[in-house]
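K.L.:
I have a structure here, written as structure tokens, and I will follow up with some questions on it.
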Amino acid sequence: MGIIRRIALALVIIGAINWGLIGFFKFDLVAAIFGGQDAALSRLIYALVGISGLVCIGLLLKPDEELDTVTNSRRFTNPDLSTEFGEEPDFTKDKKVDKKKSDPNNHQGPLM
């Protein structure tokens, strides 16, 4: 976000706080600080807040940057999962192994 947009956003926030004070307490903070609603400085602040509101319309219509960085061309395609998972052994093709030959505790020969 550029410096102009940050300043505009800050002025819009100040304007929103001022309008909240006017709505809830009938107190105009800008007029109280800068010499009343008819003072030139107060009118300048009101004008800057109004222009800042127009600048912030662009922020409202701007696409979200976080969503743009997540979206890519492979997002909606079928993923290739062969790199995530290792090869699984095929248990249906096990060779039948003679248990007597493979068991080391099986003593077929003469006992000593």
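K.L.:
Ala39's amide H: which non-local residues (gap 5+, or another chain) put their own amide H closer than 5 Å, with H modeled 1.01 Å from N in plane and none for Pro or chain starts?
P.N.:
Here nothing satisfies the definition.
K.L.:
Determine ³J(HN,Hα), in whole Hz, for all residues of the range 33-45 in sequence, where each value follows from phi through the Karplus function 6.51 cos²θ - 1.76 cosθ + 1.60 and θ = phi - 60°; x replaces Gly and Pro.
P.N.:
Residue by residue, the range 33-45 yields 7, 9, x, x, 5, 8, 5, 4, 5, 5, 5, 5, 4 Hz.
Taken together, the values in this text are just the output of simple stated rules run on the coordinates, not laboratory data. Values in this document were obtained by computation on a predicted structure and should not be read as measured data.
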